[in-house]
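Notes follow the structure.
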Amino acid sequence: MIVLTPIIIALSFFPELAQWGGLYAHCPLLNRISYHFIHAGILHAATNCWCLLSLVFAYSVSWRSLAVAFIIASTFPSYFIQNGITVGLSGVCFSMFGLIIFKVKRKTYFQLCICFYILMGFLFPNVASWLHLYCYVVALAVSVLNVPLIKS
């Protein structure tokens, strides 16, 4: 992820790439894979990279968890996409929030914060709130289904 960060930030200087690789209704598979690396601007890219890197290092996230988060964010149903094009790593970030739930110490506080962030997204235009909600709920379900039943 550290290697991808400078590339993602460099790509953010070219917001017109969103027309080529953004996520939109009924887009091709290549767009579903590439939209994570394209951002609307430098601030958007920097905050998404900061969030993802913080999660990866603070919770010792494995490459497998990162791959699962990427897959979850890439399988977002196209019927949830409203008008426009979606770009950015926030889907992967919200997937990571769901995947690390059992590593967090203050689980209730963490859940409330994530719910607040998702709800706030619905109040602002140009925020992919349905994508955030989908990624978080699916990743949470994956986490719950993969937690060991017996703790040793």
| request: Work out the length of the dipole vector of the chain about its Cα centre, built from +1 on the beta-carbon of each Lys and Arg and -1 on the beta-carbon of each Asp and Glu, and round it to the nearest 20 debye. | output: 600 debye
| note | Here the FRET efficiency for Trp63 versus Ala25, based on Cβ atoms and R0 = 25 Å and rounded to 0.05, is 0.20
| field | Cβ-derived FRET efficiency at R0 22 Å, Phe116 paired with Glu16, nearest 0.05 | value | 0.10
| task | Using a cut-off of under 15 Å, list every residue of segment 50-86 whose amide N is near the label point 7 Å from the Cα of Leu145 along the Cα-to-beta-carbon line. | result | 68-69, 71-73, 75-76
| remark: Projected onto the charge dipole of the chain (unit charges on the beta-carbon of Lys, Arg, Asp and Glu, signs +1, +1, -1, -1), the Cα from Gly121, Asn146, Ile38 with the largest positive-side position is that of Asn146
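Rule-based calculations on the coordinates, nothing more; no lab input. Quick caveat, the model's predicted, so the values are computed rather than measured. We place every Cβ from the backbone using ideal geometry, glycine too, and count neighbours over all the protein chains shown.
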